[in-house]
Amino acid sequence: MDKAQQYLGLARKAGLLAVGEDNCSAAVSGGRAKLLLLASDASPNARKRAEGFLHGHRALLEPLPWTKEELSALLGKRGCSMVCFTDLGLASQFAGAMAASESRWQETAALLVRRKEKAVRRKAAPRKHQQGG
């Protein structure tokens with residue numbers, strides 16, 4: 001878990017982690033969300049809202065092994081039950097670190113790796129319609 005916690009901190013410092021319900025909602029609706037995470041003791045209503053944010057979007061939703069208090073301490077923000085990675089690379093690394101210690105994260109980690117590889121391939125592929133002069 002230590003490595004996963006480091007990725008959370010790194011994403012927070014880099015501005016690639018939306019913290020809190022309002023910021024997560026904005027990230028999802030703006031199409032920037034890659035992985036939405038809920039604290040283990042988040043309320044059923046918070047989970048419903050998170051699922052509602054994701055309706056019609058490709059971001060993934062996963063519960064964290066940490067409570068709101070532990071998550072808040074990790075991020076230096078009080079009362080935090082929801083965070084969202086907005087960078088595919090960091091989300092993939094975080095999920096991989098979680099998968100190393102918790103087997104239920106393996107499917108999520110594999111899916112994020114595939115999405116990351118696809119994004120790299122699409123970026124490297126030549127464009128069909130280039131603007132020229």
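For the reader, a short list of remarks on this structure follows.
- Modelled label positions at residue 62 and residue 110, each set 7 Å beyond Cα in the direction of Cβ, lie 1.4 nm from each other.
- Base-10 log of normalised Debye intensity for segment 11-133 (one unit scatterer per alpha-carbon) at q = 0.13, 0.14, 0.23 Å⁻¹: -0.53, -0.61, -1.45
- Cα-based reach from residue 118 at 22 Å (exclusive), listing lysines while leaving out same-chain residues under 8 positions away: 34, 128
- Distance between the modelled labels on residue 32 and residue 2, one decimal in nanometres: 3.2 nm (7 Å Cα→Cβ projection).
- Residues of type aspartates and glutamates that residue 13 reaches as a straight line, Cα spacing below 14 Å, ignoring anything fewer than 8 places off in the same chain: 87
- The relative contact order of segment 20-133 comes to 26 percent, based on Cα pairs under 8 Å that sit 6 or more residues apart.
- Taking the Cα centre of segment 2-87 as origin and assigning +1 to Lys and Arg Cβ atoms and -1 to Asp and Glu Cβ atoms, the resulting dipole is close to 200 debye.
- Partnerless cysteines in the chain, where a partner means another cysteine C-beta under 4.7 angstrom, comprise 80.
Just so you know, all these numbers are worked out from the coordinates, no wet-lab data involved. Quick caveat: nothing in here was measured; it's all calculated off a predicted structure. For neighbour counting, all protein chains shown are included, and Cβ atoms are generated from backbone atoms with ideal geometry for every residue, glycine included.
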